[in-house]
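Novice: Can you read through this structure? Questions will come right after.
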Amino acid sequence: MQAGATVRLKSGGPLMTIEWTDEGGAHCQWFDERNELKTGYFPLTSLKPDN
């Protein structure tokens, strides 16, 4: 996975865009139900590509 890819958590949740990655995880951005921009860092093993 690389910057610009769209992903979701394997457990579900909103569509997120990867901002940057490192060896263990990805920093993602998404909009919540109030249309506010949120960010978070997630382990790569917890993400799946949104196809």
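Novice: Once amide H atoms are placed 1.01 Å from N in the peptide plane, what residues at a sequence separation of 5 or more from A5, or on another chain, have their amide H within under 5 Å of its amide H?
Specialist: Residues meeting the criterion, in which the H sits 1.01 Å from N, are I18.
Novice: Taking Cα Rg over 2.2 N^0.38 Å straight from the coordinates, which label in [x] 1.02; [y] 0.98; [z] 1.57 is the correct one?
Specialist: [x]
Novice: Tell me, in nm to one decimal, what length is gained between W20 and L44 on full extension, where the rule is 0.36 nm per residue of separation less the Cα-Cα distance?
Specialist: Extending this stretch completely gives an extra 7.5 nm.
Novice: Let me have the relative contact order for the chain, percent, based on Cα pairs under 8 Å that are six or more residues apart.
Specialist: Values: 97 pairs, mean separation 18.1, N = 51.
Answer for the chain is 36 percent.
Novice: Let me ask something else about it. Ordered by residue, what ³J(HN,Hα) values in Hz, to whole numbers, does the stretch 32-39 give under the Karplus form 6.51 cos²θ - 1.76 cosθ + 1.60, where θ = phi - 60° and Gly and Pro are x?
Specialist: Rounded to whole hertz, the list is 7, 5, 9, 6, 9, 6, 10, 9.
Novice: Per the 1.4 Å probe, what fraction of the accessible area of the chain, in percent, lies on carbon and sulfur atoms? It would help to have the intermediate numbers written out before the result.
Specialist: Working: 1770 of 3570 Å².
Answer for the chain: carbon and sulfur cover 50 percent of the accessible area.
Novice: Taking a probe of 1.4 Å, how large is the accessible area per residue of the chain, in Å²? Mind showing how you got there, number by number?
Specialist: Working: 3570 Å² over 51 residues.
That works out to 70 Å² per residue.
The values are calculated or read from the model by the stated rules, or taken from the named source; none is laboratory data. On a predicted model such as this, the values are computed, not experimentally measured, just so you know. These area figures cover heavy atoms from the full protein model, side chains too; ligands, DNA and RNA do not enter into them. Shrake-Rupley method; radii C 1.70, N 1.55, O 1.52, S 1.80 Å.
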